[in-house]
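**Student:** Attaching a single structure in structure tokens format; questions to follow.
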């Protein structure tokens, strides 16, 4: 979505036309504290909202511009945010380097994306959205691989087979969801139902009591808190 207030800002009004005629569908809305939003995938959670403000250099350096950046940080906790900066026509990269250095030296840096003209705005947003989706998908793939590797060893005795791991990760959401299965009779029954009583009990025993080598250490009490 893009904020309807862009229509009232002299430098950005032409960009509205490029958004409404671009190949992707950008809807107009009244957004709070930002100019652009779009969803990005997050592992084992509902999609997050990416938020961006668009600004010229003069707007960014004003007290209002600095206040907008501060609000942006508060809304997303420093994640999934960016500033799209319209460069000055005279020595554009030099004008960009100054706020970029200031931002990098600040306590809470916000990624800055430069564009030369408002005609580049729609393409910039499409590229940003694709990159965010691609990066988060790669992270999710890595997290799933790590999750499966952990589940493989969460059992007494020999590790679980690949098929058994796929079954367990398929009936749970994330590693916490898998570990929490044993905490209810229904969850324990589900594990045994899918793995069989013998292998299911080995998994339940591990989740209940911890690794055997830890239980053997004097004075060590395993507490399930994943």
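**Student:** Can you name the residue in region 70-92 that is crowded, with 17+ Cβ neighbours inside 10 Å and touching a helix residue (DSSP H, G or I) at 6+ places or on another chain (Cβ under 9 Å) and is also modelled with the lowest pLDDT among such residues?
**Tutor:** 87
Conditions tested, residue by residue: (1) in contact (Cβ under 8 Å) with a residue 40 or more places away in the chain; (2) assigned to a strand (DSSP E or B).
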| position | (1), (2) |
| --- | --- |
| 18 | yes, no |
| 52 | yes, yes |
| 67 | no, no |
| 71 | no, no |
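**Student:** Let me ask another. Out of the residues in region 30-50 that are in a strand (DSSP E or B), at pLDDT 90 or above and touching a helix residue (DSSP H, G or I) at 6+ places or on another chain (Cβ under 7 Å), state the one that is surrounded by the most Cβ atoms within 10 Å (Cβ to Cβ).
**Tutor:** 36
**Student:** What are the pairs with Cβ atoms under 8 angstrom where one residue, in region 121-146, is within 30 Å of residue 6 (Cβ to Cβ) and the other, located anywhere, is part of a helix (DSSP H, G or I) and at pLDDT 70 or above? Sequence gap at least six, or different chains.
**Tutor:** 121/15; 121/18; 121/19; 122/15; 122/18; 122/19; 125/19
**Student:** Starting from region 175-187, take each residue that is under 9 Å from residue 207 (Cβ atoms) and list its partners that are surrounded by fewer than 15 Cβ atoms within 10 Å (Cβ to Cβ) and modelled with pLDDT under 75, counting only C-beta distances under 6 angstrom and pairs at least six apart or across chains.
**Tutor:** From region 175-187, the pairs are 179/226.
**Student:** Tell me the residue from 24, 18 that is on the phi < 0 side of the Ramachandran plot, surrounded by 15 or more Cβ atoms within 10 Å (Cβ to Cβ) and modelled with pLDDT under 85, please.
**Tutor:** None of the other options fit; the residue is 18.
The values are calculated or read from the model by the stated rules, or taken from the named source; none is laboratory data. This is a predicted model, so every value here is computed, not measured. No Cβ is skipped: glycine too gets one built from the backbone with ideal geometry, and neighbour counts run over all protein chains shown.
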